[in-house]
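What follows is a short report on a single structure.
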Amino acid sequence: MNLKGIKEKSALKFLKKNFGTKGDNQISSLNKIEKIAILAEVDLFKTYDFSRKLSENFGVDRSNFDIFLYQNDYGQDSLDQYMSFSEKDFGLYGKIKSKNAKKIIDNDYDLLIDYCNEDNIFSKVICFSSNSKLIAGFKNEEFDIYDISIKLKSNRIDTFNEELTKYLKILDLFKS
């Protein structure tokens, strides 16, 4: 029995059923961005240091970043210094079972950035369920769950970060 396929399909069903019911995020209560969460896949994070670049762009200390890495393969090497989550942390219909995944959702981050692939349904469930005041990610044609979504032809992280920084500056969300 292929449980991964069942979990993905049921999580997708959860998103489709609840899409549009989340309501307005807490953007109006956001003064300045201080606490940031990052969702990324392990392989991508091994090749790109998100926290250093974002710290420079945003003027936010690296200690204010929480990084959560998605492992899409059970045998995949993780980076032990970072919290991780995977498909096994979810039950049917997007139910979150693990402490790591619940920590992402329950913490009140000022900004949650999703760098995961567009087809990563589990990162979408986390973003949808999150208490974060502002959520940013790559444009997803099926679900518009982000407050700031940036459409790029490919997964160009530097361009995404430049555009995100530009939008956040326009909204005047950086500490002075």
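Assign unit charges at the C-beta atoms only (+1 for Lys and Arg, -1 for Asp and Glu), then state the dipole size of region 34-165 relative to its Cα centre in Debye, rounded to the nearest 20.
The dipole magnitude comes to about 260 debye.
Which loop GluC sites (Glu not before Pro) in region 93-176, with loop taken from DSSP, have no more than 15 other Cβ atoms within 10 angstrom of their Cβ?
Sites meeting the loop and neighbour criteria: E141, E142.
Taking R0 as 35 Å, what FRET efficiency do you get between L152 and K97 from their Cβ-Cβ distance, rounded to the nearest 0.05?
Once the sixth-power term is evaluated, E becomes 0.60.
In nm, what is the difference between 0.36 nm times the number of residues separating D49 and K35 and their Cα-Cα distance?
Going from the current span to full extension adds 3.3 nm.
Which is farthest toward the positive dipole end of region 111-176 among I121, L164, L152, measuring Cα position about the Cα centre, with Cβ charges +1 (Lys, Arg) and -1 (Asp, Glu)?
Farthest towards the positive pole: L164.
Would you please give the residues with an amide H less than 5 Å from that of L112, counting only those at least 5 places away or on a separate chain, with H modeled from the backbone geometry?
Distant-sequence amide H within range of L112: A37, L134, I135, A136.
What is the magnitude of the charge dipole of region 112-176 about its Cα centre, with +1 placed on the Cβ of each Lys and Arg, -1 on the Cβ of each Asp and Glu, and no other charges, expressed in debye to the nearest 20?
For region 112-176, the charge dipole is close to 240 debye.
Which loop-located chymotrypsin sites (Phe, Trp or Tyr not before Pro) does region 54-162 contain, where loop means any DSSP state but H, G, I, E or B and the Cβ has at most 12 other Cβ atoms within 10 Å?
Y74
Only counting other Cβ atoms within 10 Å, I'd like I126, I38, I150 sorted with the fewest neighbours first.
I150, I38, I126
Computed from the coordinates by the stated procedures, all read-outs in this text should not be read as laboratory data. Since the structure is predicted, the reported quantities are computational estimates derived from the model, not experimental observations. Please note: Cβ atoms are built from the backbone with ideal geometry, for glycine as well, and neighbour counts cover all protein chains shown.
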